[in-house]
1. Give me a count of the residues in segment 67-85 that are in a helix (DSSP H, G or I) and either open to solvent by 40 Å² or more (accessible area, probe 1.4 Å) or not small (Gly, Ala, Ser) (or both).
2. Count, please, the residues in segment 140-164 that happen to be modelled with pLDDT under 85 and either over 14 Å from the mean Cα position of the chain (by Cα) or within 19 Å of Asp196 (Cα to Cα) (or both).
3. Scan segment 29-66 for residues that are among the β-branched types (Val, Ile, Thr) and buried (at least 22 other Cβ atoms within 10 Å of the Cβ) and jot them down.
4. Restricting attention to segment 209-216, does a residue exist that is under 19 Å from the mean Cα position of the chain (by Cα) and surrounded by fewer than 17 Cβ atoms within 10 Å (Cβ to Cβ)?
5. Report, by residue number, each residue of segment 86-99 that is modelled with pLDDT of 85 or more and open to solvent by 30 Å² or more (accessible area, probe 1.4 Å).
6. Only one residue in Gly7, Gly102, Gly24, Gly19 is at pLDDT 60 or above and either more than 30 Å from Ala182 (Cβ to Cβ) or open to solvent by 20 Å² or more (accessible area, probe 1.4 Å) (or both), so which one is that?
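The values are calculated or read from the model by the stated rules, or taken from the named source; none is laboratory data. Since we're looking at a predicted model, the values are computed, not measured. FYI the Cβ positions are ideal-geometry reconstructions off the backbone, even for glycines, and counts take in every protein chain you see. Ligands, DNA and RNA are excluded from the accessible area calculation, which covers all protein heavy atoms including side chains. Shrake-Rupley method; radii C 1.70, N 1.55, O 1.52, S 1.80 Å.
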Amino acid sequence: MPDPIGGVASSEAADAPPGSPRSGAGAPRPRRRGDALIGAIHAAVLAELAEGGYASLTMERVAERAGAGKASLYRRWNSRAELVRDTAYHSLRDADGAPDTGTLRGDLVEALSQTAALLSGPLGAALRAVLSETLADDQAEMGELSLGRGRRLMREIVQRAVARGEVRADAVTDLRLDVGQALLRDRFLFRDSAIDAGTAVRIVDEVLIPLFTDVR
């Protein structure tokens, strides 16, 4: 069936791994659905952003790189802004689990550095551009996502520190667990300042270590 968006067959069977023959090029395109298709599209978004940034990102280029039908993208995302937001959310969800360096400081620095690396890269720049175009509820959605993941990550890190005797159990509260990610998010969304590993180290040394260890 012709696709009203751009002439690409709307069947999920039109989606194939990058490098697969196109329709009419000879061999049939193998089917790819569900998580495999979504993962390929998100990977294509990241690659396109790394090459040309948000300004040159198009749904057509993402579909071509992912080896997917353009209709597959438009069935899930109405615009490139929605696609970038979803890619960012999945990148945060799919990030590695809590680091385990053996010390509270080492774990905190590594965790915040991972988030800082994501936000300071091409995806972070694209997300900043998207958020500047969208409504406040989109920023709230990002805040809720990062809050949930960040709190779970920090809780795992600090509970291990409790088990090692570095932190008192009564120091582990939701407010304390939220502080590190909230400071990174504030700089990313509102201050337009550089976010790097040095930012993460300063937050850990100046705020989080005293917050968790100097409990009276």
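1. Qualifying residue count for the region: 10.
2. Summing the residues that are modelled with pLDDT under 85 and either over 14 Å from the mean Cα position of the chain (by Cα) or within 19 Å of Asp196 (Cα to Cα) (or both) in segment 140-164 gives 3.
3. If the condition is that a residue be among the β-branched types (Val, Ile, Thr) and buried (at least 22 other Cβ atoms within 10 Å of the Cβ), then Ile41, Val45, Val62 are the ones that fit.
4. no
5. Hit for segment 86-99 is Asp86, nothing else.
6. Details: Gly7 fails: at pLDDT 60 or above; Gly24 fails: at pLDDT 60 or above; Gly19 fails: at pLDDT 60 or above.
Exactly one of Gly7, Gly102, Gly24, Gly19 is at pLDDT 60 or above and either more than 30 Å from Ala182 (Cβ to Cβ) or open to solvent by 20 Å² or more (accessible area, probe 1.4 Å) (or both), namely Gly102.
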